[in-house]
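Taking it in order: structure first as structure tokens, then the write-up.
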Amino acid sequence: MSRLIVDLNREMKENYNYNEAIKTLRTNIQFCGSNIQTIMFTSALPDEGKSDIAFAAAQSMAQIGKKVLLIDADIRKSVLVTRYQLKAEVAGLSQYLSGQKEIEEIIYDTNLENLSVIFAGPYSPNPAELLEEELFESLLDYACERFDYVVIDTPPMANLIDGAIVAKGCDGAVMVIESGAISYHLEQKVKSQLEKSGCRILGVVLNKVDIYNKAYYGKYGKYEKYGRYETYEKHEPNETWS
């Protein structure tokens, strides 16, 4: 396993409500059963906050002593490397799936105890084909033997097949929905894709909710059947949770 010290602490949300909601999300995932080990986070469209929630959930699990591997499977448009401003060159998932690197060469430790990361790697023109390779299945088997949880950040699923391919190897999926931005019918399309893959839908994170808008309860009532973890935005650029 490679050793990389990534200063992730500066990215931690300091908002109390946000952190408490992430803990609630973590607890509810744990209550889904001991057989839920590989968990994907997905959304319908870009910029709904999926990557932030996936990282926060992985970090929260690591904080209670669980060994966690976070996999950035968004080979088309990864945000992890740029978001944390890594200056060192890192190998990633695309290089492993194309046979350029071994598993041990793409798993990096971080400065956060119990949390390891696989970055997406260089852009690939054929990510769906790479994710369908047996090497991806081998990677998940390897990870499940060595980690308590494997959290996978996948590409948005409304117009891309990548997430559905990843879902076939996951025990459960969490859908992240930006409040007021995504239609119910579009989310039904994502739900259908997950169900066809055989991946269990664990719940929905309703993200960027305005706490001053009381009408959202009725508007999003249709999502109740999936389970729901609201996030609240107090007219600030970053999400806050409650």
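Among the residues of region 107-143, how many are surrounded by fewer than 17 Cβ atoms within 10 Å (Cβ to Cβ) and within 16 Å of GLY65 (Cα to Cα)?
3
Determine which member of the set ALA158, ALA120, ALA181, ALA167 is among the small types (Gly, Ala, Ser), more than 18 Å from the chain's Cα centre (by Cα) and within 19 Å of SER51 (Cα to Cα).
Answer to the check: ALA181.
Is there a residue in region 61-74 that is closer than 30 Å to SER183 by Cβ, touching a Pro at 6+ places or on another chain (Cβ under 7 Å) and surrounded by 24 or more Cβ atoms within 10 Å (Cβ to Cβ)?
Checked region 61-74: at least one residue is closer than 30 Å to SER183 by Cβ, touching a Pro at 6+ places or on another chain (Cβ under 7 Å) and surrounded by 24 or more Cβ atoms within 10 Å (Cβ to Cβ).
Of the residues in region 123-151, how many are in contact with a Phe, Trp or Tyr (Cβ under 9 Å, 6 or more places away or on another chain) and within 22 Å of PHE55 (Cβ to Cβ)?
Count: 3.
Go through (1) of a type in the set (S, T, N, Q); (2) surrounded by 20 or more Cβ atoms within 10 Å (Cβ to Cβ); (3) more than 22 Å from LYS208 (Cβ to Cβ) one by one and return the number of the condition SER78 breaks.
Condition (3) is where SER78 drops out.
Since GLY99 meets every condition but one in (1) of a type in the set (Gly, Ala, Ser); (2) out of contact with any helix residue (DSSP H, G or I) (no Cβ under 9 Å at 6 or more places or on another chain); (3) surrounded by fewer than 16 Cβ atoms within 10 Å (Cβ to Cβ), which condition does it not meet?
(2)
Tell me which residues, restricted to region 169-185, are under 21 Å from TYR142 (Cα atoms), of a type in the set (A, V, I, L, M, F, W, C) and in a strand (DSSP E or B).
Hit for region 169-185 is ALA173, nothing else.
Do you know which residues across region 21-38 are of a type outside the set (S, T, N, Q) and farther than 24 Å from ALA181 by Cα?
Those that are of a type outside the set (S, T, N, Q) and farther than 24 Å from ALA181 by Cα: LYS23, ARG26, ILE29, PHE31, CYS32, GLY33, ILE36.
For THR110, state whether it is within 30 Å of SER183 (Cα to Cα) and touching a strand residue (DSSP E or B) at 6+ places or on another chain (Cβ under 8 Å).
Spelling it out, it is not the case that THR110 is within 30 Å of SER183 (Cα to Cα) and touching a strand residue (DSSP E or B) at 6+ places or on another chain (Cβ under 8 Å).
Could you check region 70-168 for helices (runs of 4 or more DSSP H) lying wholly inside it with 1 or more residues that are of a type outside the set (Phe, Trp, Tyr), at pLDDT 90 or above and closer than 21 Å to THR38 by Cβ?
It comes to 93-97, 103-106, 127-131, 134-146, 162-167.
I'd like to check something: does region 209-229 contain any residue that is modelled with pLDDT of 90 or more and not in a strand (DSSP E or B)?
Scanning region 209-229 turns up no residue that is modelled with pLDDT of 90 or more and not in a strand (DSSP E or B).
For region 97-117, which residues satisfy the criterion of being over 19 Å from the mean Cα position of the chain (by Cα) and in contact (Cβ under 8 Å) with a residue 60 or more places away in the chain?
Those that are over 19 Å from the mean Cα position of the chain (by Cα) and in contact (Cβ under 8 Å) with a residue 60 or more places away in the chain: GLU104, GLU105, ASN111.
For residues that are closer than 16 Å to PHE119 by Cα, of a type outside the set (Gly, Ala, Ser) and surrounded by fewer than 24 Cβ atoms within 10 Å (Cβ to Cβ), tally how many sit in region 42-58.
Total satisfying the criteria: 1.
Kindly indicate whether any position in region 99-114 is in contact with an Asp or Glu (Cβ under 6 Å, 6 or more places away or on another chain) and under 27 Å from GLU48 (Cβ atoms).
no
The values are calculated or read from the model by the stated rules, or taken from the named source; none is laboratory data. Small disclaimer: the values here were computed from a predicted structure and weren't measured. Please note: Cβ atoms are built from the backbone with ideal geometry, for glycine as well, and neighbour counts cover all protein chains shown.
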